[in-house]
Amino acid sequence: MKNQDSLFVVFCLCLTIGIVAVYGVLVGHFNGHQKYEIQISALNKKVEKEQFNNSLLSYQLKDFQQTVAQVLPDNKTLQAKFEVSNLASAVRSPASESAIDLSPIIFERAKKYFTQQSYDKAIKEFNNLLDKYPLSSHGVEAHFFIAESYFLKKDFRNSLATIDDMVTQYPDNDLTGFILLRMGQISEINNQVDEASEVYNTVLKNFKNEDLRKQARKLAQSVEFK
């Protein structure tokens, strides 16, 4: 009887050990499976992120191409060469504004406002050009139209401030000479005849443009009779 009990106890222990071993194997299997699921989920998120980045880059490139098309000449061969070289740099830095100079577009829009006598809009656009493209070839013209817009608005204080900037930055440019004539006229409006005469004579001495000199001479002569 005792032998039977002993055998039963041994059998139970073996059965328990077997069950524990099987349980351990199953737990390890399912834990490993869960680990793989987490890894797969992380990879899927990474792929989705890459797809989003690629879509964003594609959109930026299309927007860039549309901008290029607005400022390129009609010559298709030149346009193709331009797109190849500049789109390559856009891929490296799609958010960069330095890849292309949009100042001609802004300048034409601002000049259109000036022609329409929408001086406030013109001033805003010309200042926008100067802020974004301080080294633009249209810089002196932008200053000129800003000063002229303020003059036509009878905002003489801001007109004079812009004229001072032109004299500092573009002392030898003919447009500076022409806008100095406005400075003389502002002096006349303020009954500062001597100052106006001095401005006109300064233009006569320092500029060689015949049309400019002709206007300065005419204004200087008119001041003499006041």
*Report the residue count in the stretch 97-145 for those that are of a type in the set (F, W, Y) and over 17 Å from the mean Cα position of the chain (by Cα).*
5
*Would the stretch 191-199 turn up any residue that is touching a helix residue (DSSP H, G or I) at 6+ places or on another chain (Cβ under 8 Å), surrounded by fewer than 15 Cβ atoms within 10 Å (Cβ to Cβ) and within 23 Å of Y113 (Cβ to Cβ)?*
no
*Restrict the check to the stretch 96-106 and report whether at least one residue is modelled with pLDDT of 95 or more, surrounded by 14 or more Cβ atoms within 10 Å (Cβ to Cβ) and closer than 28 Å to E188 by Cβ.*
no
*Given the structure, is E188 in contact with a helix residue (DSSP H, G or I) (Cβ under 6 Å, 6 or more places away or on another chain), open to solvent by less than 60 Å² (accessible area, probe 1.4 Å), farther than 17 Å from A142 by Cα and of a type outside the set (S, T, Y)?*
yes
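The values are calculated or read from the model by the stated rules, or taken from the named source; none is laboratory data. Note that the structure is a prediction, hence the values are computed from the model and not measured. Methodologically, a virtual Cβ is constructed for each residue, glycine included, from the backbone with ideal geometry; neighbour enumeration extends over all protein chains shown. SASA here: full protein model, heavy atoms, side chains in, ligands and nucleic acids out. Shrake-Rupley method; radii C 1.70, N 1.55, O 1.52, S 1.80 Å.
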